[in-house]
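Please read the structure below before turning to the comments.
The values are calculated or read from the model by the stated rules, or taken from the named source; none is laboratory data. Values in this document were obtained by computation on a predicted structure and should not be read as measured data. No Cβ is skipped: glycine too gets one built from the backbone with ideal geometry, and neighbour counts run over all protein chains shown.
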């Protein structure tokens, strides 16, 4: 059993035998997974990669197929759809819920396409936004990769919450919001670095110029009071030190 299949089965374990529909990304998809989910009373909807072995050649992209044409294939357990949104391009979907050839009245596309967009379209949109403004960096640590992904998603969610909680009709660009949020999160730490004497003077002046009027007053300098009396060296005997 492949790793993607094991991942899906582990995630859906809490909803087994509930007759729910599972929508996933094509990285997880496989024909054996569809069959296993059906045995556990779960239906499945997903896109298919074109290099899968069990896809008939006529379902693959073909320059002779017309735009917005659909081709269906049915078995006892699942349905296969090949839809042409653009020339020489085909979208492949597998669905184990029902065997129908209906067209959605609102979109003019097959019902399988409309169902996928309603359930999985939001995830695809989040992936697209994360790829546009991404803080991920190359790393070999899986924990760091997950943390960077969480930061990307937190930036999207925080913008949604901000727009819902504010009464302003002006739509803020996501790039502007991310810049403002990053500046506010780093502001307090940046202010403390202005007076760090171990930093280069050029860097400290740059921070001051960026902060402008937000620069805090310098912290008070605490000077230690030197001990009164005559100083003695380590060679002096103990008796002399006590005097």
Report, by residue number, each residue of segment 24-44 that is at pLDDT 85 or above and touching a helix residue (DSSP H, G or I) at 6+ places or on another chain (Cβ under 6 Å). 33, 44
Given (1) modelled with pLDDT under 90; (2) touching a helix residue (DSSP H, G or I) at 6+ places or on another chain (Cβ under 6 Å); (3) closer than 30 Å to residue 23 by Cα, index of the condition residue 155 fails: (1)
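Across segment 92-102, which residue is farthest from residue 52 (Cα to Cα) among those that are in contact with a helix residue (DSSP H, G or I) (Cβ under 7 Å, 6 or more places away or on another chain) and either surrounded by 11 or more Cβ atoms within 10 Å (Cβ to Cβ) or modelled with pLDDT of 90 or more (or both)? Don't jump to the end; show me each part of the working.
So in segment 92-102, the residues in contact with a helix residue (DSSP H, G or I) (Cβ under 7 Å, 6 or more places away or on another chain) come out as 92-96, 100, 102.
From what's left, either surrounded by 11 or more Cβ atoms within 10 Å (Cβ to Cβ) or modelled with pLDDT of 90 or more (or both): 92-96, 100.
Working: 92: 11, 93: 12, 94: 12, 95: 16, 96: 17, 100: 23 Å.
Applying the filter and picking the extreme gives 100.
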Is one or more of the residues making up segment 2-19 within 27 Å of residue 128 (Cα to Cα), in contact (Cβ under 8 Å) with a residue 60 or more places away in the chain and touching a strand residue (DSSP E or B) at 6+ places or on another chain (Cβ under 8 Å)? no
Kindly provide the set of residues from segment 1-26 that are loosely packed, with under 13 Cβ neighbours inside 10 Å and closer than 19 Å to residue 112 by Cβ, ordered by number. 19, 20
Select, from 19, 62, 117, the only residue that is modelled with pLDDT under 85 and assigned to a loop (DSSP other than H, G, I, E, B). 62
Given (1) surrounded by fewer than 16 Cβ atoms within 10 Å (Cβ to Cβ); (2) modelled with pLDDT of 85 or more; (3) over 27 Å from the mean Cα position of the chain (by Cα); (4) on the phi < 0 side of the Ramachandran plot, where does residue 82 come up short, assuming only one miss? (1)
Before we move on, is residue 91 without any contact (Cβ under 8 Å) to a residue 60 or more places away in the chain, under 25 Å from the mean Cα position of the chain (by Cα) and over 15 Å from residue 115 (Cα atoms)? no
Could we say that residue 77 is in contact (Cβ under 8 Å) with a residue 12 or more places away in the chain, assigned to a loop (DSSP other than H, G, I, E, B), more than 14 Å from residue 48 (Cα to Cα) and in contact with a helix residue (DSSP H, G or I) (Cβ under 9 Å, 6 or more places away or on another chain) here? yes
Just wondering, is there one or more residues in segment 125-137 that are assigned by TED's automatic domain parsing to the domain that holds residue 25 and assigned to a loop (DSSP other than H, G, I, E, B)? no
List the residue pairs whose Cβ atoms are under 8 Å apart, where the first residue sits in segment 134-147 and is surrounded by 10 or more Cβ atoms within 10 Å (Cβ to Cβ), the second is not in a helix (DSSP H, G or I), and the two are 6 or more positions apart or on different chains. 145/136; 145/139
Answer with yes or no whether residue 34 is free of Cβ contacts under 8 Å to residues at least 60 places away in the same chain and not in a strand (DSSP E or B). no
Determine, yes or no, whether residue 60 is surrounded by 13 or more Cβ atoms within 10 Å (Cβ to Cβ) and within 14 Å of residue 97 (Cα to Cα). no
Conditions: (1) over 28 Å from the mean Cα position of the chain (by Cα); (2) free of Cβ contacts under 8 Å to residues at least 40 places away in the same chain; (3) in a loop (DSSP other than H, G, I, E, B). Residue 71 meets all but one. Number of the miss? (3)
